[in-house]
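The values are calculated or read from the model by the stated rules, or taken from the named source; none is laboratory data. In this text the structure is predicted, and so the values were computed from the model without any measurement. Please note: Cβ atoms are built from the backbone with ideal geometry, for glycine as well, and neighbour counts cover all protein chains shown. For accessibility, only protein heavy atoms count, side chains too; no ligands or nucleic acids. Shrake-Rupley method; radii C 1.70, N 1.55, O 1.52, S 1.80 Å.
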Amino acid sequence: MIKYSIIIPHKNTPGLLQQLLNSIPVRDDTQVIVVDDNSDPNIVDFNKFPKWNGVNYEFYLTKKGKGAGFARNFGIKHAVGEWLLFADADDIYFSDSLSTLLDIPNEKYDIICFPLQITQYDGKTEMLHLPSIGKQTEFDASLSGEHRIVDNYIDDLIYRLFLPTQKMVKRDIVITNAIRFSEVPSCNDILFSLKVQSKCQRIGVFTDIVYHYIKYKGSTSDVINTKRLKQRIRELLKVQRFLLSHNKQIYIESTLNWHYNELLKHSFISSVIYSMLQMIIVSPRIGLRTLRNIIRNAPKTN
């Protein structure tokens, strides 16, 4: 019986994908699904495509080129495990921690979150923290190494933990509620994570670091052009409307407004337009605060 399905979108990074696959423990109860999203045949040798050594390995080649959200949705269609996990092709798991997590009884939970390690461009390594008003809310580092799942139900985990790679969720939650990733190039996972977590009643936190998020220069999240900028703004506004509908305005201002810094780097005009759309679509007060921050942080000209 397959208990876990790990879904991996891939494009043009076969060497990194193989590193990820090598980090996944070989288990009969685990299904690994790789969805290639129209990789360049000059970069990827499809006759020698990366492989996982487990028996339940599936890879699919698509020609849509719609991004990681599309690839993950494609993988969900083929997943049969009780639990869904999501990994990015250029990251890796900590094999021992993942194996321990998958061995622990987990029937009482709908979702299990876990801390990750981040490596930035310069090789700096730090624990991912969850920012909150007036303090830093993070996974309890004092529990690290205890190899157990602890009960947890706090809004910070529900409405701030955006990365799908930092959790595993019951497949029934995703299927029953018809929750899917946005099929756009960037910010395709935030709304998915919020919708999934808002449907989960029994939340657990694994005490050990399971996932190593490696941020490479030139990754999808760093590519900013006018088309992608417009798409990102549309997606962020959808996310903010969702938070507003759940009476969680506090998370719009404390968590999501860091995106205006990225908009400001690209274009002052684009960031002003974003704040005006916020006023109309989300909240006049929130939009005005964003506009004030944009003006305050605008590049100074001589």
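Data table
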item	result
Helices (runs of 4 or more DSSP H) within the stretch 148-258 that include 1 or more residues modelled with pLDDT of 80 or more and open to solvent by 50 Å² or more (accessible area, probe 1.4 Å)	171-176, 190-199, 226-245
Members of the stretch 280-291 that are in a helix (DSSP H, G or I) and crowded, with 16+ Cβ neighbours inside 10 Å	Val282, Ile286, Gly287, Arg289, Thr290, Leu291
Selection within the stretch 14-61 - of a type in the set (Val, Ile, Thr) and closer than 28 Å to Thr100 by Cα	Ile24, Val26, Thr30, Val32, Ile33, Val34, Val35, Val55
Complete set of residues in the stretch 149-192 that are at positive phi and free of Cβ contacts under 8 Å to residues at least 24 places away in the same chain	Ala178
Check on Tyr109, over 19 Å from Asp96 (Cα atoms), at pLDDT below 80 and assigned to a loop (DSSP other than H, G, I, E, B)	no
Qualifying positions in the stretch 1-14 - outside any loop (DSSP other than H, G, I, E, B) and open to solvent by 10 Å² or more (accessible area, probe 1.4 Å)	Pro9, Pro14
Subset of the stretch 1-24 (residues that are over 10 Å from Asp90 (Cβ atoms) and among the hydroxyl-bearing types (Ser, Thr, Tyr))	Tyr4, Ser5, Ser23
